Amino acid sequence: AIQDLKARLQIAGVDGDSGGIQKAESSVFFRLQTVEEDRNLLRNELECERVNYQAQLDSERQQLQLSQARLREEEAMAEKDLQLKNQVEESLHETQRLLAASRRALKEAEDRLAVQAERALQAAPAGPSLLSLLRCPSRSYSSTAHAAAGSGVPVAACQAIVWQIISAMSGVTALMCAQDTLMITEASKKAFTMWGSVALRGSSMCSLVFDQASATWMEDVLTSGFGAQNLTPGFWLRELGCIEFRSKLGSAFDSSVTCAGLPEEKGRPASIIVIIEPLEREEQQHRGGFNGLQAPPNVGRRHRYGAPSVASSVHSEDITANDSVSNANGRW
């Protein structure tokens, strides 16, 4: 073995003496040290690269997680938008279906109306005059009732026509009640706003008046009947002057009352239409310095129950409750 080592040293150019051996060992140690330093450098570089790649990997993972969270949120929003779109489409389809049904119903109603009009024209006498077409159905009922019954043509009710006209007016406070009992049968939108549906449905007109004495007086006036003084039996018009009513909040307010009587018709009893015009605050304050309308007969000083009125009622000795507002204004 020693000979082999010496042979290798000779081949490598190193003498076999001790100095050559030390020199060779120093060279080998130097090479080993150099190799170890290179290995350490490479290991440090590898560690740095590993740390760098790990940081980049962590950053990419965070970005991926954020992207996945945003993606999930967008998917949820897209799902909600899809549900909303489906709901809107269903609502649109339902609206279109209802519109088509309404159009069909309107077309059928128009067809029926056209058929009825054609039948009426065929059943009507030849050459009707313009006055006969414009004549009030209630007044001409006695002369045309048998003809209309024989032809099957319905006769319009005067009370229904008058009430439709009054209720179609904006801001009108009106009530329709039976003439014998004063029970309210119809009310305008303004009246429902002023008193509420509970106070109007199935109630008497007198229950809306603030005090019992005024209610009794108004009931006597309206149920006594004074239509015989008019040229047309059953029809009458009268202004009752200023009467104090109670609102749905319990407060009192003065109003100008105008009543119109409608005659009895087929299937409809005689009715009274009461138009109530609440007095403005400024007008009541202006009238506070003058003598206003006197309370109804047998009515003393009014005792208010509940909330106070928006304006005070004043009395006069020369004006009675039977006077109209126009007469009262003339006396002022």
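Residues in the range 182-228 that are aromatic (F, W, Y), touching a Lys or Arg at 6+ places or on another chain (Cβ under 8 Å) and more than 23 Å from P269 (Cα to Cα): how many?
Adding up the residues that qualify gives 2.
Of (1) open to solvent by 80 Å² or more (accessible area, probe 1.4 Å); (2) over 31 Å from the mean Cα position of the chain (by Cα), A78 satisfies all except one. Which?
Of the numbered conditions (1) open to solvent by 80 Å² or more (accessible area, probe 1.4 Å); (2) over 31 Å from the mean Cα position of the chain (by Cα), the odd one out for A78 is (1).
The values are calculated or read from the model by the stated rules, or taken from the named source; none is laboratory data. This one's a predicted model, so the numbers in the text were calculated from it and none came from an experiment. Ideal geometry is used to build each Cβ from the backbone, glycine not excepted, and the neighbour counts take in all protein chains shown. To get the accessible areas, we keep the full protein, side chains included, count just its heavy atoms, and leave off ligands, DNA and RNA. Shrake-Rupley method; radii C 1.70, N 1.55, O 1.52, S 1.80 Å.
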